[in-house]
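Engineer: Have a look at the structure that comes next, please.
No lab work stands behind these numbers, since they all come straight from the coordinates. The structure presented is a predicted model; accordingly, all values stated were derived computationally and were not measured. Cβ atoms come from the backbone with ideal geometry, glycine included; neighbour counts cover every protein chain shown.
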Amino acid sequence: MRPSFFHHLHPPTIPAAQARFRYTLGAGGLAVFLVVALVVTGILLMFFYVPTPERAAQSIQAVTYLAPLGGLVRNLHYWAGQALVVVVVVHLLRVIFTGAYLPPRRFNYLLGLVLLVLTLFLDFSGYVLRWDEGVRWALVAGTNLLETVPAAGDWLYGFVVGGAEPGPATILRFYAWHIFGLTLPLVVVGGWHLFRVRRDGGIAVAPPEARADSDRTTRFELVRREALAALLASAALLLLSTFFAAPIAQPMNTANSVNADSRAPWFFLWVQLLLRLGDPFLFGVLIPTLVLIALVLIPYLFPRLPAEQLGRWFPPGGRGAQIMAALLVLLWVSLTWLALT
């Protein structure tokens, strides 16, 4: 069979053990698929969305209830966005738990962290664009955190909000960030990330003499598996979008107060819970920044793995990094669960 364009995106062969789903979890390919789904559905939604405080929520209601298949398209966009957050986190954990974060893959690991940050803010900005009562915390409390940053707080708030309080300039700026300032960098950095996988020698594996399994999987088999995974992911998204609607609420009347029942997006609920403990800068800005810095430092804090331990889950030489990552994820999950209960 003559290789197609999609086949040439893959190396001719990779070790069979590292091509199996139980090793990769399919997270990288699923992330690419979800980004494509978000771009396609997002373009369709742009034909209906009106980025003004008076019309934003109404235009979302119109596309949901009046446009042909509009509700399904919006639900697909929403669930693809939530799934992308989960898949990117799973992919990051897979990299850490298999020791694939050290040279020559350290720079690509850092690119992956950039993609995680872009994904979170892209989802956050899309959440705010609903401009209804359900996003009040994200809009008001989230932007108010910027004012707590020492020295640059007032400038950051004005830059993001576009004035002394949220208004027409705010939704236009969030719309521009969502479409251009975050989506385009996500696509560019994502392409760079995929390129570096090939540039760095493909998936992390032990040297040939240290492998128990010498079988290799061809690019044709890889593409076949990815196509099957895309079909299964499409089916899952369609089921979710058919039976579980994306959140929708009444248009926002004011944007200068926060209701007691307002909640952050689920992936930032842990920050909302921390804010109840005290100082907004400490619990809302500094601690999340320190968590990100801890992830950035993982390849620098822990020694290189012995070559023979590469290409498998939980190599003994990577225990320190594994424990740090597990504790951070446990903190995130636990605080999110407490915020939901």
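Engineer: Helix 56-65 versus the longest principal axis of the chain: what is the Cα-based angle in degrees, 0 to 90, to the nearest 10?
Structural biologist: Helix 56-65 sits at roughly 70 degrees to that axis.
Engineer: In nm, what is the difference between 0.36 nm times the number of residues separating Val39 and Arg2 and their Cα-Cα distance?
Structural biologist: Using 0.36 nm per residue and subtracting the Cα-Cα distance, I get 10.3 nm.
Engineer: Then there's this: Compute the length gained on full extension between Ala176 and Arg20: take 0.36 nm times their separation in residues and subtract their Cα-Cα distance, giving the result in nm to one decimal.
Structural biologist: The Ala176-Arg20 span can extend by a further 52.2 nm.
Engineer: Quick check: residue separation of Phe195 and Thr52 times 0.36 nm, minus the Cα distance between them. What number comes out in nm? It would help to have the intermediate numbers written out before the result.
Structural biologist: Values: separation 143, 0.36 × 143 = 51.48 nm, distance 3.87 nm.
Between Phe195 and Thr52, full extension yields an extra 47.6 nm.
Engineer: Could you check the simple spin-label distance between Val90 and Leu156, using points 7 Å along Cα→Cβ, in nm with one decimal?
Structural biologist: 3.2
Engineer: Still on this structure: Using label points projected 7 Å from each Cα along Cα→Cβ, tell me how many nm separate Ala245 and Leu286, to one decimal.
Structural biologist: Here the answer is 4.4 nm between the modelled labels.
Engineer: Under 5 Å between amide hydrogens, which residues at least 5 positions from Asp132 or on another chain qualify, with H placed 1.01 Å from N in the peptide plane?
Structural biologist: Met252
Engineer: Mind giving me the nanometre distance, one decimal, between the label points for Glu133 and Leu231, set 7 Å out from Cα along Cα→Cβ?
Structural biologist: Placing both labels 7 Å along Cα→Cβ, they lie 4.5 nm apart.
Engineer: Right, next: Suppose a student asked you for the relative contact order of the stretch 23-118, using Cα pairs under 8 Å spaced at least 6 residues apart; what percent would you report?
Structural biologist: The value is 33 percent.
Engineer: Choose one answer from Trp155, Trp131, Trp177: the residue with the largest mean-square fluctuation in a GNM of the chain with alpha-carbon springs under 10 Å.
Structural biologist: Among Trp155, Trp131, Trp177, the largest GNM mean-square fluctuation belongs to Trp155.
Engineer: Follow-up question, since we're still on this one. Once the Cβ-Cβ distance between Trp337 and Phe314 is put in as r, and R0 is 25 Å, what FRET efficiency do you end up with, to the nearest 0.05?
Structural biologist: For Trp337 and Phe314, the calculated efficiency is 0.55.
Engineer: List, largest first, the extents of the alpha carbons of the stretch 16-340 along their principal axes, each in whole Å.
Structural biologist: Cα extents, longest axis first: 67, 48, 32 Å.
Engineer: So, by mean Cβ neighbours within 10 angstrom, what's the order for 138-147, 317-326 with the highest one leading?
Structural biologist: 138-147, 317-326
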